[in-house]
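Below is one structure, written out as structure tokens; comments come after it.
Coordinate-derived values only; no laboratory data. Because the structure is predicted, anything quoted here is derived from the model rather than measured. Here the Cβ positions follow ideal geometry from the backbone for every residue, glycine too, while neighbour counts run over all protein chains shown.
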Amino acid sequence: HGLEWGQPDKVLLPLLSAAATMAVCALIGVSFGFMLRSGAGAIAATVGLLFVLPIMSTFFSFAGESWKWVLDAANYLPLSAAQNAILPSDTAPLSAGVAFLTLGAWVAAGLLGSWVVLRSRDA
């Protein structure tokens, strides 16, 4: 049970992907902080987005075929996309490339929202 350091695609890429994921989570939290101007609100919103929404979306797996879109949308939540980016597989709902683009879109949306709020409120 060891890491094979001679294979960068099996060790270094997941390690770098995991580090990038932590940066994405931090930037999402900072974006919420800028938008809400409240530390407690930013923490609550970040925890809700990163942890509560993925758990709640699994409840819709029992709701039938008409609610399948919720499960499909949940694949694009930050931690689900991060999981697909860190450990890509053929059976994953998102490819590694789409997962990285999804994470980038979350960061871009958060920073854009922060910029808009700061420009309008603090200008």
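Using DSSP loop states and a limit of at most 13 other Cβ atoms within 10 Å to flag trypsin sites (Lys or Arg not before Pro), what is the longest stretch of the chain containing no flagged site?
In the chain, the maximal stretch lacking such sites is 38-123.
For a test of the definition: using alpha carbon positions, the gyration tensor, and the 1.5 limit on a/c, classify the chain as rounded, prolate or oblate.
On the way: a/c = 2.27, a/b = 1.30, b/c = 1.74.
Oblate is the answer for the chain, as a/c is 1.5 or above yet b/c matches or exceeds a/b.
Do the sum for the chain: with -39,500 (n - 2.57) for every DSSP H run of n ≥ 4, divided by all residues, what is the mean residue ellipticity at 222 nm, to the nearest 500 deg cm²/dmol?
The helix-only estimate for the chain comes to -21500 deg cm²/dmol at 222 nm.
What FRET efficiency comes out for residue 60 versus residue 91 if R0 is 25 angstrom and r is the Cβ-Cβ distance? Round to the nearest 0.05.
FRET efficiency, residue 60 to residue 91: 0.80.
Sort 90, 9 so that the residue with the fewest other Cβ atoms within 10 Å of its own Cβ comes first and the one with the most comes last.
Listed from fewest to most nearby Cβ atoms, that is 90, 9.
Based on the Cβ-Cβ distance of residue 11 and residue 53, what FRET efficiency does E = 1/(1 + (r/R0)^6) give at R0 = 35 Å, to the nearest 0.05?
Computed FRET efficiency for residue 11 and residue 53 comes out at 0.70.
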